[in-house]
Amino acid sequence: MIIDAHVAALAAALHGPARTKARMLTEVRDGLTDAADALAATGLPADAAARRAVRDFGAVADVAPEFQRELTIAQARRTALAAALSAPVLLLCWRLAGTDGGAPPHA
């Protein structure tokens, strides 16, 4: 089906957190399917309705940059959260190990 092929092409063009990407692609597929169903309800043959829905949505080259931007933001948030959560653990480990980051010993 043309909608599945379009979503697969978009998936191949995107990189980022798997769950976020999967959620985005599900929303795209559902939206395209809904649009094609609405067009078919007007009397347009199903294949033509799907092609028109995909055409109206936009070519992968046109829409992928915006989707990639969202995935990049999601990845940056995940990285920032991981860093924020690991910094206190690292500081605690340094304290337990008896090191203070290379400062000279106290007299």
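The values are calculated or read from the model by the stated rules, or taken from the named source; none is laboratory data. The shown structure was predicted, so the numbers you read here are calculated from the model rather than taken from an experiment. Cβ atoms come from the backbone with ideal geometry, glycine included; neighbour counts cover every protein chain shown. For the accessible areas, the whole protein counts, side chains as well, though only heavy atoms, and no ligand, DNA or RNA atoms are used. Shrake-Rupley method; radii C 1.70, N 1.55, O 1.52, S 1.80 Å.
Just the accessible area per residue of the chain, please: how many Å² with a 1.4 Å probe?
69
Mind giving me the FRET efficiency for residue 15 and residue 38? R0 is 25 Å, r the Cβ-Cβ distance, nearest 0.05 is fine.
Given R0 = 25 Å and the Cβ-Cβ separation, E is 0.20.
Karplus couplings for region 36-50 from phi (6.51 cos²θ - 1.76 cosθ + 1.60, θ = phi - 60°), rounded to Hz, Gly and Pro as x?
Per residue, the Karplus-derived 3J(HN,Hα) values read 5, 4, 5, 5, 5, 5, 7, x, 6, x, 3, 5, 5, 5, 5 Hz.
I'd like the Karplus ³J(HN,Hα) series for region 7-24: coefficients 6.51, -1.76, 1.60, θ = phi - 60°, whole numbers in Hz, and an x wherever there's a Gly or Pro.
5, 5, 5, 5, 4, 5, 8, 9, 9, x, x, 4, 5, 5, 4, 4, 5, 4
Ignoring any ligand, DNA or RNA, what whole percent of the accessible area of the chain comes from carbon and sulfur when the probe is 1.4 angstrom?
Carbon and sulfur: 62 percent of the exposed surface of the chain.
What full-extension length gain, to one decimal in nm, is calculated for residue 90 and residue 25 as 0.36 nm per residue of separation minus the Cα-Cα distance?
Here the answer is 19.7 nm.
Note down the magnitude of the dipole of region 1-51 about its Cα centre, charges +1 on Lys and Arg C-beta and -1 on Asp and Glu C-beta and zero elsewhere, to the nearest 20 debye.
So the magnitude is around 280 debye.
How large is the dipole of the chain about the Cα centre if only Lys and Arg carry +1 and Asp and Glu carry -1, each at its Cβ, rounded to the nearest 20 debye?
Dipole of the chain, to the nearest 20 debye: 380 debye.
Taking the highest mean first, how do the peptides 11-20, 79-88 order by number of other beta carbon atoms within 10 angstrom per residue?
11-20, 79-88
What whole number of Å gives the distance from the Cα centroid of region 6-59 to the Cα centroid of region 76-93?
37
Over the residues of the chain, compute the C-alpha Rg and express it relative to 2.2 N^0.38 Å.
After normalising by residue count via 2.2 N^0.38 Å, the value is 1.83.
Find the relative contact order for region 1-49 and round it to a whole percent, using C-alpha pairs within less than 8 Å whose residues are 6+ positions apart.
34
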